[in-house]
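K.L.:
Here it is: the structure, laid out below.
The values are calculated or read from the model by the stated rules, or taken from the named source; none is laboratory data. Just so it is clear, the structure is predicted and the values come from calculations on it, not from any experiment. When we count neighbours, we look across all protein chains shown, and the Cβ atoms used for this are built from the backbone with ideal geometry, even at glycine. Accessible surface is based on the protein model in full, side chains and every heavy atom, while ligands, DNA and RNA are left aside. Shrake-Rupley method; radii C 1.70, N 1.55, O 1.52, S 1.80 Å.
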Amino acid sequence: MAIRRLDKSTKTGAAVPTGKGRAANKAEGAKFASLLDSVAGVKEANPVAAVSGVGAIEEASPHQRREQLGQTDELLDSLEALDRDMRQGRDAEGRLSQDARERLRESRDQALRTLSEHTNVGEERELLHRTTILATAELAKSDRGDY
(Lines give C-alpha, C1' and ligand atoms only; values in the text may rest on other atoms or scores of the structure.)
Protein backbone atom coordinates (compact mmCIF):
# COMPACT_ATOMS: atom_id res chain seq x y z
CA MET A 1 0.00 0.00 0.00
CA ALA A 2 1.29 3.48 -0.80
CA ILE A 3 0.04 6.92 0.11
CA ARG A 4 0.49 9.59 -2.49
CA ARG A 5 1.64 13.04 -1.44
CA LEU A 6 1.24 16.03 -3.66
CA ASP A 7 4.15 18.39 -3.92
CA LYS A 8 2.55 21.85 -4.02
CA SER A 9 5.28 23.42 -6.13
CA THR A 10 5.21 20.91 -8.97
CA LYS A 11 1.78 19.36 -8.44
CA THR A 12 3.24 15.89 -8.86
CA GLY A 13 2.61 12.99 -6.60
CA ALA A 14 5.31 11.11 -4.73
CA ALA A 15 4.70 7.68 -3.31
CA VAL A 16 5.47 7.33 0.39
CA PRO A 17 5.89 3.70 1.45
CA THR A 18 4.05 2.46 4.52
CA GLY A 19 4.14 -0.76 6.44
CA LYS A 20 7.18 -3.03 6.04
CA GLY A 21 9.21 -0.62 3.90
CA ARG A 22 8.99 2.11 6.51
CA ALA A 23 11.75 0.67 8.76
CA ALA A 24 14.32 0.99 6.02
CA ASN A 25 13.38 4.63 5.45
CA LYS A 26 13.78 5.43 9.14
CA ALA A 27 17.34 4.17 9.03
CA GLU A 28 18.01 6.29 5.96
CA GLY A 29 16.49 9.29 7.72
CA ALA A 30 18.73 8.74 10.71
CA LYS A 31 21.75 8.59 8.43
CA PHE A 32 20.67 11.82 6.76
CA ALA A 33 20.18 13.54 10.14
CA SER A 34 23.60 12.32 11.23
CA LEU A 35 25.11 13.71 8.03
CA LEU A 36 23.44 17.09 8.61
CA ASP A 37 24.73 17.16 12.19
CA SER A 38 28.27 16.43 11.06
CA VAL A 39 28.11 19.22 8.47
CA ALA A 40 26.76 21.64 11.09
CA GLY A 41 29.53 20.66 13.50
CA VAL A 42 27.22 19.04 16.06
CA LYS A 43 28.80 16.07 17.81
CA GLU A 44 26.79 12.91 18.15
CA ALA A 45 25.54 12.49 21.70
CA ASN A 46 26.16 9.30 23.60
CA PRO A 47 22.65 8.23 24.67
CA VAL A 48 23.95 6.17 27.60
CA ALA A 49 25.84 9.15 29.04
CA ALA A 50 22.84 11.41 28.49
CA VAL A 51 20.49 9.09 30.37
CA SER A 52 22.91 8.37 33.22
CA GLY A 53 23.29 12.11 33.92
CA VAL A 54 19.55 12.72 34.24
CA GLY A 55 18.35 12.87 37.83
CA ALA A 56 21.75 12.22 39.33
CA ILE A 57 21.59 12.58 43.10
CA GLU A 58 24.68 13.62 44.93
CA GLU A 59 26.03 12.36 48.20
CA ALA A 60 25.74 14.52 51.29
CA SER A 61 28.70 16.58 52.34
CA PRO A 62 30.30 15.88 55.74
CA HIS A 63 28.75 19.10 57.08
CA GLN A 64 25.26 18.04 55.95
CA ARG A 65 25.76 14.60 57.51
CA ARG A 66 26.73 16.14 60.86
CA GLU A 67 23.73 18.47 60.68
CA GLN A 68 21.37 15.59 59.90
CA LEU A 69 22.78 13.46 62.72
CA GLY A 70 22.48 16.40 65.12
CA GLN A 71 18.85 16.92 64.19
CA THR A 72 18.14 13.20 64.52
CA ASP A 73 19.70 13.31 68.00
CA GLU A 74 17.54 16.33 68.90
CA LEU A 75 14.40 14.55 67.67
CA LEU A 76 15.24 11.44 69.67
CA ASP A 77 15.87 13.56 72.79
CA SER A 78 12.50 15.27 72.28
CA LEU A 79 10.77 11.91 71.87
CA GLU A 80 12.46 10.69 75.05
CA ALA A 81 11.26 13.81 76.91
CA LEU A 82 7.71 13.13 75.71
CA ASP A 83 8.03 9.52 76.91
CA ARG A 84 9.26 10.67 80.36
CA ASP A 85 6.38 13.12 80.54
CA MET A 86 3.88 10.37 79.74
CA ARG A 87 5.39 8.06 82.37
CA GLN A 88 5.27 10.73 85.07
CA GLY A 89 1.61 11.25 84.45
CA ARG A 90 -0.75 13.92 83.35
CA ASP A 91 -1.50 17.31 84.80
CA ALA A 92 -4.61 18.12 86.82
CA GLU A 93 -6.75 18.36 83.68
CA GLY A 94 -5.53 15.01 82.33
CA ARG A 95 -3.33 16.43 79.56
CA LEU A 96 0.30 15.84 78.77
CA SER A 97 2.72 18.68 79.37
CA GLN A 98 2.75 21.20 76.55
CA ASP A 99 6.50 21.78 76.92
CA ALA A 100 7.53 18.32 75.72
CA ARG A 101 5.07 18.41 72.83
CA GLU A 102 6.18 21.90 71.78
CA ARG A 103 9.85 20.90 71.87
CA LEU A 104 9.10 17.85 69.75
CA ARG A 105 7.07 19.92 67.29
CA GLU A 106 9.90 22.46 66.87
CA SER A 107 12.50 19.71 66.40
CA ARG A 108 10.30 17.98 63.86
CA ASP A 109 9.68 21.20 61.91
CA GLN A 110 13.41 21.93 61.74
CA ALA A 111 14.08 18.40 60.50
CA LEU A 112 11.40 18.78 57.82
CA ARG A 113 13.04 22.01 56.63
CA THR A 114 16.40 20.27 56.40
CA LEU A 115 14.93 17.32 54.52
CA SER A 116 13.25 19.60 51.99
CA GLU A 117 16.35 21.77 51.46
CA HIS A 118 18.88 18.96 50.96
CA THR A 119 17.83 16.40 48.36
CA ASN A 120 20.88 14.20 48.74
CA VAL A 121 21.14 10.54 49.60
CA GLY A 122 22.77 8.74 52.46
CA GLU A 123 22.16 6.76 55.61
CA GLU A 124 22.07 9.89 57.76
CA ARG A 125 19.28 11.42 55.68
CA GLU A 126 17.32 8.17 55.76
CA LEU A 127 17.68 8.02 59.56
CA LEU A 128 16.51 11.62 59.91
CA HIS A 129 13.60 10.95 57.56
CA ARG A 130 12.41 7.90 59.52
CA THR A 131 12.82 9.68 62.86
CA THR A 132 10.82 12.63 61.54
CA ILE A 133 8.02 10.27 60.51
CA LEU A 134 8.05 8.74 63.98
CA ALA A 135 7.92 12.19 65.61
CA THR A 136 5.02 13.23 63.37
CA ALA A 137 3.08 10.10 64.30
CA GLU A 138 3.70 10.62 68.02
CA LEU A 139 2.60 14.25 67.79
CA ALA A 140 -0.58 13.22 65.99
CA LYS A 141 -1.33 10.61 68.67
CA SER A 142 -0.77 13.07 71.52
CA ASP A 143 -2.83 15.78 69.77
CA ARG A 144 -5.68 13.31 69.27
CA GLY A 145 -5.53 12.27 72.91
CA ASP A 146 -4.53 8.65 72.34
CA TYR A 147 -2.27 8.76 75.39
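K.L.:
Kindly provide the set of residues from the stretch 126-147 that are open to solvent by less than 60 Å² (accessible area, probe 1.4 Å), at pLDDT below 90 and in a helix (DSSP H, G or I), ordered by number. Before you say what the answer is, go through the steps one by one.
P.N.:
At the first step, the residues of the stretch 126-147 found to be open to solvent by less than 60 Å² (accessible area, probe 1.4 Å) are 128, 131-132, 135-140, 142, 145.
Narrowing further to those that are at pLDDT below 90: 142, 145.
The answer is 142, and nothing else.
K.L.:
While we're on this one: What are the pairs with Cβ atoms under 9 angstrom where one residue, in the stretch 98-123, is under 15 Å from residue 83 (Cβ atoms) and the other, located anywhere, is open to solvent by 90 Å² or more (accessible area, probe 1.4 Å)? Sequence gap at least six, or different chains.
P.N.:
Matching pairs, first to second residue: 100/84.
K.L.:
Only residues that are open to solvent by less than 90 Å² (accessible area, probe 1.4 Å), of a type outside the set (S, T, N, Q) and assigned to a helix (DSSP H, G or I): list them for the stretch 57-80, please. Write out each step before concluding.
P.N.:
If we filter the stretch 57-80 for residues that are open to solvent by less than 90 Å² (accessible area, probe 1.4 Å), which is where we start, we get 60-62, 64-65, 67-79.
Narrowing further to those that are of a type outside the set (S, T, N, Q): 60, 62, 65, 67, 69-70, 73-77, 79.
62, 65, 67, 69, 70, 73, 74, 75, 76, 77, 79 - these are the residues of the stretch 57-80 that are open to solvent by less than 90 Å² (accessible area, probe 1.4 Å), of a type outside the set (S, T, N, Q) and assigned to a helix (DSSP H, G or I).
K.L.:
Among the residues of the stretch 113-125, how many are open to solvent by less than 80 Å² (accessible area, probe 1.4 Å) and either in contact with a strand residue (DSSP E or B) (Cβ under 7 Å, 6 or more places away or on another chain) or assigned to a helix (DSSP H, G or I) (or both)?
P.N.:
Kept after step one, since they are open to solvent by less than 80 Å² (accessible area, probe 1.4 Å), are these residues of the stretch 113-125: 114-115, 118, 120-122, 124-125.
Pick out the ones that are also either in contact with a strand residue (DSSP E or B) (Cβ under 7 Å, 6 or more places away or on another chain) or assigned to a helix (DSSP H, G or I) (or both) and you get 114-115, 120-122, 124-125.
Result for the stretch 113-125: 7.
K.L.:
Still on this structure, I have one more. Restricting attention to the stretch 81-100, and to residues there that are at pLDDT 75 or above and open to solvent by 40 Å² or more (accessible area, probe 1.4 Å), which single residue is nearest to residue 129 (Cα to Cα)?
P.N.:
By that ranking, first place goes to 83.
K.L.:
Determine whether the stretch 29-47 contains at least one residue that is at pLDDT 85 or above, among the basic types (Lys, Arg) and in a helix (DSSP H, G or I).
P.N.:
Of the stretch 29-47, the ones at pLDDT 85 or above are none.
Within the stretch 29-47 (the criterion being at pLDDT 85 or above, among the basic types (Lys, Arg) and in a helix (DSSP H, G or I)), the answer is no, since none of the residues qualifies.
K.L.:
If you don't mind, there's one more thing I want to ask. Given (1) surrounded by 12 or more Cβ atoms within 10 Å (Cβ to Cβ); (2) within 17 Å of residue 68 (Cα to Cα); (3) in contact with an Asp or Glu (Cβ under 9 Å, 6 or more places away or on another chain), identify the lone condition not met by residue 103.
P.N.:
(2)
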